[in-house]
Amino acid sequence: MYDFERIIDRRNTRSYKWDQNEKLFGNKDILPLWVADMDFESPPAVKEAILRRVEAGVYGYSIASESYKQAIVNWFGRRHDWAIQPEWITDSPGIVTSLSFSVELFTQPGDEVILQSPVYYPFYDVIKMNDRKVAKNPLILRNGRYEMDYAHLESLMQGGAKLLLLCNPHNPGGTVWKREELQQLGELCLRYGVTVISDEIHCDLTLPGHKHIPFASLSEELANITVTTLAATKTFNLPGLQTSFIVSRNPELQGKFERKLKALSLHMSSYFAPEAVEAAYNEGETWLDELRQHIAGNAEYAISYLAEHLPAVKVMRPEATYLLWLDCRALGLDAAGLKNLMYREAEVAFNEGSVFGAEGEGHLRINLACPRSVLTEALLRFSRAAASYAE
Ligand SMILES: Cc1ncc(COP(=O)(O)O)c(C=O)c1O
């Protein structure tokens, strides 16, 4: 049994989440449950693998090993019924880097790129900062779950958009797209010649009763128009190692990507990351399954806590991810008001929803990847401070 209740003091470790309270929120006493990393140690095998590399003492230029790629292939075969070939894998420093390269490589300046909002905020950045236009397909909220608006998607494709950034599972909202939903999306992409970048970083973090379907696993035809962006970093809490990879069976898409990495001299392997990823995929399975139980427990706890203490707030039950999406519109606060409530009155930091797009206004996103005692304290602080707005 792994211990997901142990408090690990992450302050003064250069933590993005724990060491920026003063700078970002002007309050050192904030309890931070925002940026998506976890307050847990990675699986022990990961630490051991990194320690073995540390011991070597010579930190020279490195190459990716066959066993690293094989660990990835085995993992996706075993966990996701997706048969990939080692040759389809290319390393990239990060998923957002891969998304940004894809926008740059597969579209022209001024082109439209489709995203489905609300969505992880760098999706907007990689489109806008590469001088492309956001073609927004707002998700439809139906029975407490997001659904895709296929009619609007088709109109965007008819309007000329040739690239789509898919978030699968979806952040925020934690939606696990169903096979039929992905198939319907795929049919439109094939009909209109749209390339798909499928960001599947949350794929391993499904909650009980839900199964992730890799978009590229649906058919050979769809695999040929897809670049899947993946990483072990979200699954095993390794984001500080800055490592990810893409999978594409289309040599043209993959070739363009590799050329870009070479042009920026990002094609050499990290010294530490491959061993960490390999150990995580080969030896981290039990850890992950226990983590998922812990996250599921935290999600259920938060849902019932809020239903009891702050019923005005509507919670989307996540199907995957360790993120909880709260509809706080009944509190009647705008973005500045919600920030004031969190940072000044409650002394907690969740993500403020408008950064995920206009559809996220009035929402907050809570990071559940923490010990239950931390979550309890954050919910207590928040619901106590929010109560006066809910009346
Ligand atoms: C959907 C999604 N993509 C990408 C990332 C970040 O990936 P990376 O750190 O590899 O750029 C996150 C992190 O929260 C995410 O939620």
field: Calculated from backbone phi, Karplus (6.51, -1.76, 1.60) coupling profile of the stretch 374-387 in Hz, x at Gly/Pro
entry: 5, 4, 4, 5, 5, 5, 4, 4, 5, 5, 5, 6, 7, 3
field: Förster radius 56 Å - calculated FRET efficiency between D149 and Y61 (Cβ-Cβ, nearest 0.05)
entry: 0.70
- line: per DSSP, antiparallel bridges as share of beta bridges in the chain, % nearest 5, sits at 60
statement: Once Lys and Arg are counted +1 and Asp and Glu -1 for all other residues with Cβ under 10 Å from that of Q85, the total becomes +1
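Read-outs: derived from the displayed coordinates by stated rules, not from any lab. From a predicted model like this one, the values you see are computed outputs, not experimental measurements. Neighbour counts run over all protein chains shown; Cβ positions are idealised from the backbone, glycine included.
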